[in-house]
Amino acid sequence: MVRLIVDSVEIDVPGEMNLLQACEIAGAEIPRFCYHERLSVAGNCRMCLVEVKGAPKPVASCAQQVRDQRPGPNGEPPVILTTSALVRKARAGVMEFLLANHPLDCPICDQGGECDLQDQAMAFGRARTRFDETKRAVEEKHFGPLIKTEMTRCIQCTRCVRFATEVAGVPELGATGRGEDMEITTWLDQVVTSELSGNLIDLCPVGALTSRPYAFNARPWELRKTESVDVMDGLGSAIRVDARGQAVLRILPRINEAVNEEWISDKARFIWDGLARQRLDRPMLRENGRLRPAEWAEALALAAQRLSAPAGSVAAIAGDLANVEGMKALLDLLNSLGIQNRDCRSAGERPGAGPREGYLFNSRLAGVEAMDALLLIGTDPRREAAVLNARIRKAWLSGQLARIAQVGVATDLTYPVEDLGTGPDILEALAAGTHPFFGVLDKARRPGLILGAAATARPDGARILRLAGTIAARAGLVLHANVEDGPWNGFNVLHANAARVGGLDLGFLPGAGGRDRESIVTGAQQGSVETVLLLHCDEIDGKDLGTAFVIYVGSHGDAGASRADLILPAAAFTEQNGLFVNTEGRIQEARRAVFPKGEAREDWAIFRALSAQMGKVLPYDSQGQLRKQLALDHKAFAGAMGDPAFNPEALGELGPVDAIPFAPAPNFWLTNPVARASRTMVECAAGARRSVSQAAE
């Protein structure tokens, strides 16, 4: 530790800290534009100047480490001044230079009210300018459909360049020219292709980069802000939903160091326009091949009639966007009716029948940064979990994660990956210990394995799960012998959607003698399953359900609703309070930001009303009572911890695997009904297809 005196406050801080961090620990506020805690130090804006006693001139506090400060002549601690007359004059001079070419367009800038330059100009700006020359103008750049540019406002802080290169791993931004001619632009005027590009908007301290879909919609002080979680993938990133009236107008990230740090994917950020399009806002009943509006009483009566059929002819499938309370209420209703045909694995994945550790991301998302060897099986984290992919890249950049290998379709993951092959036959060699990469895992101190949905959502998925578990057990990924500072579990299952772990924790799986997802579909085609209830399930082709009567409970007119014979409209994830369990088993709440559309109702309330209609009244009348029952019935929701010493080799079932290569990741932009309803996501998907076509040519 090094002792410093900052504005008469004596502190002890680690020597590797920079002066800016040390000053903030002492309670001083240091303005900055180029410095960011998660990016490399550029030191080019000079707004963070401080006075160091004995130094010939003010120093940039972001670029000076504490350990490099010289003590006083008699060994006194270094003295740092952050509010002296010299500092204020230096910062005022920097601000004058920054504003010399900046346009006076705050009234039409979307960054107005959230602009660092505005805030610092209030503190250090001059009432009049001494700059009489013509202001420079910079041509607008095209960064794609998500980012709107006004590069005349740019102050060349290079935050965007460093984020794209270091965090996103897509070095497509850079600077051209020198001095007054310097411009930030993309490589050969191409669009930014990162799945994390929206974070550039948050990083920009001026209005040079703003949200194109949100442009001119609202000012920040007009918006009602609600803290929630993202449900576009299985990570559960912390977000803030901004709404005005009954419309969601913006989604921004919140800081959660354990999950998403302060980044979110572009899909999480920009799907908000899909929340208002293709909505189901009243019950619908199909007559003579066409859907007609119905009253809730009529719809519930028909649903009760269909669900009262013999239990073996009724089935239910929960989809990707179902919250825990909705699945719990449906599960309790099914149990009261004796219906055993149910499944929450709407994509056909196999994990879930064994212990909880068999379907969780056991090392935790932050634990990726502690790994020193990693095997990816049937997963593309860049498309399935973009924020997790950034963590993997972060671990690789730090030098901690030395070796990464992949079994599956080779793609650009923004870090070097050893391509072991595309099919599960490679796993047999790894499980037998004869593959060279097995030795890498066995000798690593904290080895990890990530199993994706492409590996388990196949007919031989249970056997692939067994192979992955065998690799984990024999290579010591669980309670690894080389780890001295606590237990380590490197066996990880990456779920690509928000509802899956919650459904597995509830046991929303086939009961005794019941059908799973594949058997339900087969039974519907053969006519033995006559009624199928789909809860936010749009992952099944309606043609596969034969002539079965389909009851759809969901929020959007997507695949499930187009096949439905009866539609019970439900609220979207921004319109109801609901619990979600992320891929690592973390229980989080998505909070209501706006009220449901039209006559739509919360998921659990629909099944509570349906139970009353059927004379099987569920034992709770409020969401609070439901959550208490949830904790009583399911230990995962009562805070029960898993067993770190579980045996992954016992997962799945033994048997041969097919040599068919693992399927590639689904289209990043169009993976669920909300995304498919979003014009922004459709435009991004079209742009991605054009980019692939151009690359092929």
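The values are calculated or read from the model by the stated rules, or taken from the named source; none is laboratory data. On a predicted model such as this, the values are computed, not experimentally measured, just so you know. In this analysis, Cβ positions are derived from the backbone assuming ideal geometry, glycine residues included, and neighbour counts consider all displayed protein chains. Keep in mind that these areas ignore ligands, DNA and RNA; they rest on the heavy atoms of the full protein, side chains included. Shrake-Rupley method; radii C 1.70, N 1.55, O 1.52, S 1.80 Å.
List pairs: first residue in segment 30-42 and closer than 18 Å to MET95 by Cβ and touching a residue at least 12 places away in the same chain (Cβ under 8 Å), second residue open to solvent by 50 Å² or more (accessible area, probe 1.4 Å) and not hydrophobic (A, V, I, L, M, F, W, C) anywhere in the structure, Cβ distance under 6 angstrom, at least six positions apart or on different chains.
CYS34/ASN44
Go through THR82, THR134 for me and flag whichever is over 21 Å from GLN156 (Cα atoms) and among the polar types (S, T, N, Q).
Numbers: THR134 fails: over 21 Å from GLN156 (Cα atoms).
On inspection, the qualifying residue turns out to be THR82.
Given the conditions (1) open to solvent by 80 Å² or more (accessible area, probe 1.4 Å); (2) modelled with pLDDT of 95 or more; (3) not in a loop (DSSP other than H, G, I, E, B), which single one is not true for VAL692?
Tallying (1) open to solvent by 80 Å² or more (accessible area, probe 1.4 Å); (2) modelled with pLDDT of 95 or more; (3) not in a loop (DSSP other than H, G, I, E, B), VAL692 fails exactly one: (2).
Mind listing whichever residues of segment 343-401 are free of Cβ contacts under 8 Å to residues at least 60 places away in the same chain, acidic (Asp, Glu) and either crowded, with 22+ Cβ neighbours inside 10 Å or closer than 27 Å to TRP669 by Cβ (or both)?
Within segment 343-401, no residue meets the criteria.
Taking segment 606-620 as the search range and keeping residues that are open to solvent by less than 40 Å² (accessible area, probe 1.4 Å) and assigned to a loop (DSSP other than H, G, I, E, B), which one is farthest from LEU333 (Cα to Cα)?
TYR620
Among the residues in segment 453-462, are any over 22 Å from the mean Cα position of the chain (by Cα) and either of a type in the set (Asp, Glu) or open to solvent by 50 Å² or more (accessible area, probe 1.4 Å) (or both)?
Taking segment 453-462 and keeping what is over 22 Å from the mean Cα position of the chain (by Cα), we get 458-462.
From the residues that got through so far, the ones that are either of a type in the set (Asp, Glu) or open to solvent by 50 Å² or more (accessible area, probe 1.4 Å) (or both) too are 459-460.
Checking segment 453-462: at least one residue is over 22 Å from the mean Cα position of the chain (by Cα) and either of a type in the set (Asp, Glu) or open to solvent by 50 Å² or more (accessible area, probe 1.4 Å) (or both).
GLU530: within 25 Å of the chain's Cα centre (by Cα), acidic (Asp, Glu) and closer than 18 Å to LEU333 by Cβ, yes or no? It would help to see each step written out before you state the result.
Values: within 25 Å of the chain's Cα centre (by Cα): no; acidic (Asp, Glu): yes; closer than 18 Å to LEU333 by Cβ: yes.
Judged against the criteria, GLU530 is not a match.
Could you list, in sequence order, all residues of segment 223-252 that are among the acidic types (Asp, Glu) and within 25 Å of LEU494 (Cα to Cα)? Outline the logic, then answer.
Going residue by residue through segment 223-252, those that are among the acidic types (Asp, Glu) are 227, 230, 233, 242.
Those that are among the acidic types (Asp, Glu) and within 25 Å of LEU494 (Cα to Cα): GLU227, ASP230, ASP233.
Within segment 490-517, can you find the residues that are out of contact with any helix residue (DSSP H, G or I) (no Cβ under 7 Å at 6 or more places or on another chain) and open to solvent by 10 Å² or more (accessible area, probe 1.4 Å)?
ASN497, GLY507, LEU509, PRO510, GLY511, ALA512, GLY513, GLY514, ASP516, ARG517
Would you mind stating whether ASN647 is within 30 Å of GLY490 (Cβ to Cβ) and modelled with pLDDT of 90 or more?
Numbers: within 30 Å of GLY490 (Cβ to Cβ): yes; modelled with pLDDT of 90 or more: no.
Judged against the criteria, ASN647 is not a match.
Let's see how each residue does on (1) modelled with pLDDT of 95 or more; (2) open to solvent by 10 Å² or more (accessible area, probe 1.4 Å); (3) assigned to a loop (DSSP other than H, G, I, E, B):
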residue: LEU39; (1), (2), (3): yes, yes, yes
residue: ALA42; (1), (2), (3): no, yes, yes
residue: ARG46; (1), (2), (3): no, yes, yes
residue: VAL50; (1), (2), (3): yes, no, no
residue: GLY54; (1), (2), (3): no, yes, yes
residue: ARG67; (1), (2), (3): no, yes, no
residue: GLY72; (1), (2), (3): no, yes, yes
residue: GLU76; (1), (2), (3): no, yes, yes
residue: THR83; (1), (2), (3): no, yes, yes
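Tell me, yes or no, whether segment 124-132 has at least one residue that is within 34 Å of the chain's Cα centre (by Cα) and either closer than 30 Å to ALA390 by Cβ or at pLDDT 90 or above (or both). Steps first, answer last, please.
Kept after step one, since they are within 34 Å of the chain's Cα centre (by Cα), are these residues of segment 124-132: none.
Within segment 124-132, none of the residues are within 34 Å of the chain's Cα centre (by Cα) and either closer than 30 Å to ALA390 by Cβ or at pLDDT 90 or above (or both).
Quick check on my filter: what residues within segment 116-137 are surrounded by 19 or more Cβ atoms within 10 Å (Cβ to Cβ) and under 26 Å from GLY177 (Cα atoms)?
Scanning segment 116-137 gives a single hit, LEU117.
Could you check segment 434-472 and list, in sequence order, the residues that are assigned to a helix (DSSP H, G or I) and among the polar types (S, T, N, Q)?
Looking only at segment 434-472, we keep the residues that are assigned to a helix (DSSP H, G or I), and these are 436-443, 453-456, 461-472.
Scanning segment 434-472 gives THR456, THR470.
For segment 1-37, name all the residues that are in a loop (DSSP other than H, G, I, E, B) and either of a type in the set (Phe, Trp, Tyr) or in contact with a Ser or Thr (Cβ under 7 Å, 6 or more places away or on another chain) (or both). Step through it out loud before you land on a result.
Looking only at segment 1-37, we keep the residues that are in a loop (DSSP other than H, G, I, E, B), and these are 1, 7-8, 14-17, 26-37.
Answer for segment 1-37, where residues must be in a loop (DSSP other than H, G, I, E, B) and either of a type in the set (Phe, Trp, Tyr) or in contact with a Ser or Thr (Cβ under 7 Å, 6 or more places away or on another chain) (or both): ASP7, ALA28, ILE30, PHE33, CYS34, TYR35.
Residue check, GLU195 against (1) buried (at least 21 other Cβ atoms within 10 Å of the Cβ); (2) over 30 Å from GLY585 (Cα atoms); (3) charged (D, E, K, R), all met but one. Which one?
Only one criterion is unmet by GLU195, namely (2).
Can you name the strands (runs of 3 or more DSSP E) wholly within segment 214-310 that have at least 2 residues being hydrophobic (A, V, I, L, M, F, W, C)?
Numbers: elements: 224-229, 238-244, 247-253, 284-287, 290-293.
By residue number, 238-244, 247-253, 284-287.
So the check is Cβ under 8 Å with 6+ separation or different chains; which pairs have a first residue in segment 149-166 that's farther than 21 Å from ASP266 by Cβ and a second one that's open to solvent by 10 Å² or more (accessible area, probe 1.4 Å) and in a helix (DSSP H, G or I)?
Final answer for the pair search is ILE155/LEU98.
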